[in-house]
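Notes for the one structure printed next.
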Amino acid sequence: MISVRNVSKSFGKVNAVRDVSLDIGAGEFFSLLGASGSGKTTLLRVIAGFEGVTSGKILIDGQEMQDSPPHMRPINMVFQNYAIFPHLNVRDNIAYGLPRLGVPKPEQARMVDEMLEMIALPEYGKRRASQLSGGQMQRVALARALVLKPKVLLLDEPLGALDKQLREQMQLELRGLQRRMGITFLLVTHDQEEALTLSDRVAVMADGAVIQVDTPAGLYDHPRSRAVAAFVGSMNFFDATIRGQGDARRAEIAGLGHQRLNGQAEARSDGDRVLVAVRPESLTLSPTAPEPPHPSVPGRVEARQYLGGRQVLYVAVEGRAAPVAVAAVAQRDVDPWENSEGRQVWLTWGPGAMIVLDPD
Amino acid sequence: MARYTGFHRHNRPLALYFGAFAVFIYLPILFIPIFSFNSGWYVKFPLESFTFYWYVDLFQRETLMRAFWNSVRVALFVSVFSTLFAIPAALAIARYRMPGKAPAVSFIALPLVLPGILMGTAILGLLNWLDVTLSLATVTLGQMVICLPYAISVLLPRFIDVGRVLEEASADLGDPPLRTFFRVTLPCSLPGILACLLMTFTISFDEYFMAFFLSGAEITLPIYIWNQLRFPDDFPSLLALSTLIITFSFVLVFASLRLSGVGDSVNQERSR
């Protein structure tokens, strides 16, 4: 539906977007995920037509669009701060784009009614933007774009201004809406949780470039670089060296001993330096030294972060500057990790827990 | 020991200062309406008897009425045209990246600080050289030179407030630039545009230098007043006229400040 081909955009000497290529399918919920300054918003604005490309092409539904102004593109956008017209009421905001499409008046009114119903604000037609809450403005912005039946809906950090509960509710609604209408959604967000929850696929951006495009599970389980591994979820990183050959290959982690590899990093051979990444929830903590087969490493609980349903323990390990983060389920009755600061523990992990990456 | 009432407590010295300030500014103006209702010819106490005579007298002076309507016509033209010309200028300054913008904006604002007598002389010289006959039209042109920078400076903050995002939203919903201007930019900045019209109208109505240098046979109200000052027995009528003008100007300026939102920040501060 959208093809971005080798698109670059620079502002003077700043290269905001560098040689990005993406293919977004019809009906897909696609996200651009990145920290601020990663170029994701610039890329969205280039697709919407608010900025021209410095080089490259943008195809929407097979048609080259990089030189068309925004009002000629079959896409609509939900803006970061909604951009509800303050001089119009809710109905007129939603109907704003309809006259251009040649929709007759009575039909316009019917479509607006339908949209008000859809966003669950049927009584709010006569209200002004200033009389709406953030969540309501959000819905009006959505209705105003969707009533035009665009081929693609762009969403620029649409939930950023909402509080947590409302944000989670709107996430579910967005996803449901997208499924029902079958419109391609392209979301820009810096919130990795939001990207993982909503998207069919996610493109992670850094320094103006796309560094990985994958499904949410793909990004989480198989990050291909330290940047992606660190940005999506939390992660422990260890410097390591590959030892041995074939099925007997092991990762020798500085200070933490050896661990057998389970088919990861097939292309690497004896002596290669690598970076081993392990998710906090892939590590196990035990109060006593566990039995083999898995090697274990002694450490000391340095801090405990209680998060309600789960908790994260930071374990200091000899020979390593940063503590290792370990996630554990919080127990309701007797929590074995309550007041565990300073306690001696053993860290264990299985071979499948390790993600092998290029060293820094 | 006085009780501590908080960081933003009332400040007596500042209140006194404000009082003195108000007296200094408005006391002279206060004399004008007082003596306009006095039956004597001279501005001196004690007052004689109360009268509306000078107000009635105004409407019997044909040259005055003529000058008044001249002023209104000129002010209408000046306010409408300087606002019309200022809209695209202010919009361009508010919206577009362009090289040398900051110095260009300062340059546009220069007539605000140039002495009126210099501008008047300069424009008169130019018109003489071009062999243009002086008339109300030349007064209008001269006053537009003065009003344009005012108009731009009134409109500019309004256009910056309306913001690029609303215009982008309109474009995104399918409107080409001109439609976007009429459906979003203009209605959203309407208060600022009205304020601009009122402000430039007031400036033109009171303006003296351009009217003095550039008028021909037809004169405007300030010139009329200046001419009549030579005749002492006309003075009370001038006071009556001035009272009407002051009242009218106050209403206009107050309305334009309300519209352009100057008082808003003060009110917000108070409600906090």
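The values are calculated or read from the model by the stated rules, or taken from the named source; none is laboratory data. Fair warning: this is a prediction, and the values are worked out from it, not measured in the lab. Here the Cβ positions follow ideal geometry from the backbone for every residue, glycine too, while neighbour counts run over all protein chains shown.
Answer yes or no as to whether residue A:233 is over 17 Å from the mean Cα position of the chain (by Cα) and either small (Gly, Ala, Ser) or part of a strand (DSSP E or B) (or both). No, not satisfied. Only one of the numbered conditions (1) within 14 Å of another protein chain (Cβ to nearest Cβ); (2) among the hydrophobic types (A, V, I, L, M, F, W, C); (3) within 28 Å of the chain's Cα centre (by Cα) is not met by residue A:59, and that is (1).
Of the residues making up the range B:202-224, not a single one is within 11 Å of chain A (Cβ to nearest Cβ) and either touching a Cys at 6+ places or on another chain (Cβ under 7 Å) or of a type in the set (Ser, Thr, Tyr) (or both).
Against the test of being under 22 Å from residue B:187 (Cβ atoms), within 30 Å of the chain's Cα centre (by Cα) and assigned by TED's automatic domain parsing to the domain that holds residue A:133, the options A:86, A:99, A:70, A:74 yield a single qualifying residue, A:70. Can you say whether residue A:102 is closer than 29 Å to residue A:3 by Cβ, loosely packed, with under 15 Cβ neighbours inside 10 Å, in contact (Cβ under 8 Å) with a residue 24 or more places away in the chain and of a type outside the set (S, T, N, Q), as far as the supplied structure shows? Answer is no for this residue. Within the range A:123-147, if we keep just the residues that are surrounded by fewer than 22 Cβ atoms within 10 Å (Cβ to Cβ) and assigned to a loop (DSSP other than H, G, I, E, B), the residue that is nearest to the chain's Cα centre (by Cα) turns out to be A:133. When the range B:161-184 is examined, which residues are found to be facing chain A (nearest Cβ under 8 Å) and among the small types (Gly, Ala, Ser)? Passing the criteria: B:169, B:170, B:171, B:174.
Quick check, is residue B:74 surrounded by 10 or more Cβ atoms within 10 Å (Cβ to Cβ), without any contact (Cβ under 8 Å) to a residue 40 or more places away in the chain and of a type in the set (Val, Ile, Thr)? Spelling it out, it is not the case that residue B:74 is surrounded by 10 or more Cβ atoms within 10 Å (Cβ to Cβ), without any contact (Cβ under 8 Å) to a residue 40 or more places away in the chain and of a type in the set (Val, Ile, Thr).
Please work out if residue B:54 is hydrophobic (A, V, I, L, M, F, W, C) and in a loop (DSSP other than H, G, I, E, B). No, not satisfied. Here the strands (runs of 3 or more DSSP E) wholly within the range A:305-360 that include at least 1 residues being in contact with a His (Cβ under 9 Å, 6 or more places away or on another chain) are A:344-349, A:354-357.
Evaluated against (1) farther than 30 Å from residue A:40 by Cβ; (2) touching a residue at least 40 places away in the same chain (Cβ under 8 Å); (3) of a type in the set (Gly, Ala, Ser), residue A:263 falls short on exactly one condition, (2). Here residue B:104 clears all of (1) in contact (Cβ under 8 Å) with a residue 60 or more places away in the chain; (2) closer than 19 Å to residue B:155 by Cα except the condition numbered (1).
When we screen A:294, A:258 for residues that are touching a residue at least 24 places away in the same chain (Cβ under 8 Å) and within 30 Å of residue A:335 (Cβ to Cβ), the only hit is A:294. In the range A:341-350 there is no residue that is aromatic (Phe, Trp, Tyr) and without any contact (Cβ under 8 Å) to a residue 40 or more places away in the chain. Might you check whether a residue that is in a strand (DSSP E or B), among the β-branched types (Val, Ile, Thr) and farther than 12 Å from residue A:32 by Cα occurs anywhere in the range A:248-268? Yes, the conditions are met somewhere in the range A:248-268. Could you list, in sequence order, all residues of the range A:331-341 that are surrounded by fewer than 10 Cβ atoms within 10 Å (Cβ to Cβ) and not charged (D, E, K, R)? A:334, A:339, listed by residue number. Look through the range A:75-92, keep the residues that are within 7 Å of chain B (Cβ to nearest Cβ) and part of a strand (DSSP E or B), and return whichever of them is farthest from residue A:150 (Cα to Cα). My answer is A:77.
Yes/no matrix, rows are residues, columns are (1) buried (at least 18 other Cβ atoms within 10 Å of the Cβ); (2) free of Cβ contacts under 8 Å to residues at least 24 places away in the same chain; (3) not in a loop (DSSP other than H, G, I, E, B):
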{"position": "A:5", "(1), (2), (3)": "no, no, yes"}
{"position": "A:16", "(1), (2), (3)": "yes, no, yes"}
{"position": "A:26", "(1), (2), (3)": "no, no, no"}
{"position": "A:30", "(1), (2), (3)": "yes, no, yes"}
{"position": "A:33", "(1), (2), (3)": "yes, no, yes"}
{"position": "A:43", "(1), (2), (3)": "yes, no, yes"}
{"position": "A:59", "(1), (2), (3)": "no, no, yes"}
{"position": "A:66", "(1), (2), (3)": "yes, no, no"}
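Any chance the range A:192-199 includes a residue that's in the same structural domain as residue A:92 (by TED's automatic domain parsing), acidic (Asp, Glu) and closer than 27 Å to residue A:92 by Cα?
Within the range A:192-199, the subset in the same structural domain as residue A:92 (by TED's automatic domain parsing) is A:192-199.
With the extra rule that they be acidic (Asp, Glu), the set shrinks to A:193-194.
Right, trim to closer than 27 Å to residue A:92 by Cα and you get none.
Scanning the range A:192-199, I find no residue that is in the same structural domain as residue A:92 (by TED's automatic domain parsing), acidic (Asp, Glu) and closer than 27 Å to residue A:92 by Cα, so the answer is no.
Within the range A:98-122, the set of residues being outside any helix (DSSP H, G or I) and within 13 Å of chain B (Cβ to nearest Cβ) comprises A:98, A:102, A:103.
Please work out if residue B:188 is crowded, with 20+ Cβ neighbours inside 10 Å and within 14 Å of chain A (Cβ to nearest Cβ). Yes, satisfied.
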